[in-house]
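Please read the structure below before turning to the comments.
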Amino acid sequence: QVQLVESGGGLVQAGGSLRLSCTASVSGGIVESMGWYRQAPGKQRELVATINSAGTSNYADSAKGRFFLYRDYAKKMVDLAMNTLKPEDTAVYYCNAEFRPYGRSARSNYWGQGTQVTVSS
C-alpha cells in the first residue's frame, strides 16, 4: 500500500515560484508512475505532470515550459517546480502514485491529501 505526504504549497504572487514535494511510503508492491494533479474550485481534477518508471514525463499544456517534474526513484519522491505562476494556477494540488502489488500486473492510484497553491494578482 501507499501513503503520500505532500509539502510546499502556499501563497505566491503572479510571476513567482513554488516547489511542491511528495514522498511515498510503500509496502507490498512498487510505485510506477508518480506525479501531480490539481483541482480548482468548481472544476474537475486535471493532470499537471507525471513521470513514469522509465523517466518519461507527461505535462499538461498549461504546465509546459513553466512547470518541471523531478523524481528521486530511490527515495520515492517527486517534486514539482512551478515557475512564472499565474492566478489560474490556483488550486489544490494532489500528489499521485500508481502502485502495483507484488505478483500482480494491475495498478491502483493513490492520492495525497492535497496542498493549497494560491497565486495572487
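The values are calculated or read from the model by the stated rules, or taken from the named source; none is laboratory data. Please read all numbers here as calculations on a predicted model, not as lab measurements. For neighbour counting, all protein chains shown are included, and Cβ atoms are generated from backbone atoms with ideal geometry for every residue, glycine included. Ligands, DNA and RNA are stripped out before the accessible areas are found, and what is left, the full protein with its side chains, is counted by its heavy atoms. Shrake-Rupley method; radii C 1.70, N 1.55, O 1.52, S 1.80 Å.
Whole-Hz Karplus values for the stretch 49-55 come out as 6, 9, 9, 8, 5, 8, x Hz, taken residue by residue from phi with 6.51 cos²θ - 1.76 cosθ + 1.60 and θ = phi - 60°; glycine and proline positions read x.
The distance from the alpha carbon centre of the stretch 1-37 to that of the stretch 62-92 is 9 Å, rounded to a whole number. Answer with one residue from Gly114, Leu18, Thr50: the one whose Cα lies farthest towards the positive end of the charge dipole of the chain, charges on Cβ with Lys, Arg +1 and Asp, Glu -1. The one lying farthest along the dipole's positive direction is Thr50.
Counting only heavy atoms of protein chains, what accessible area per residue, in Å², does the chain have with a probe of 1.4 Å?
Working: 6470 Å² over 121 residues.
For the chain, the solvent-accessible area averages 53 Å² per residue.
Length gained on full extension, Tyr102 to Ala54, computed as 0.36 nm times the residue gap minus the Cα-Cα distance: 15.4 nm. In the frame of its principal axes, the stretch 73-121 has Cα extents of 50, 20, 14 Å, reported largest first.
Across the stretch 13-30, rounded Karplus estimates of 3J(HN,Hα) from the backbone phi angles (6.51 cos²θ - 1.76 cosθ + 1.60, θ = phi - 60°) give 7, 3, x, x, 9, 9, 10, 9, 10, 9, 10, 9, 9, 10, 9, x, x, 10 Hz, Gly and Pro being marked x. Taking all Cα pairs closer than 8 Å and separated by 6 or more residues, the relative contact order of the chain comes to 36 percent. In the chain, the portion of solvent-accessible area held by carbon and sulfur atoms comes to 47 percent [1.4 Å probe, whole percent, DNA, RNA and ligands not counted].
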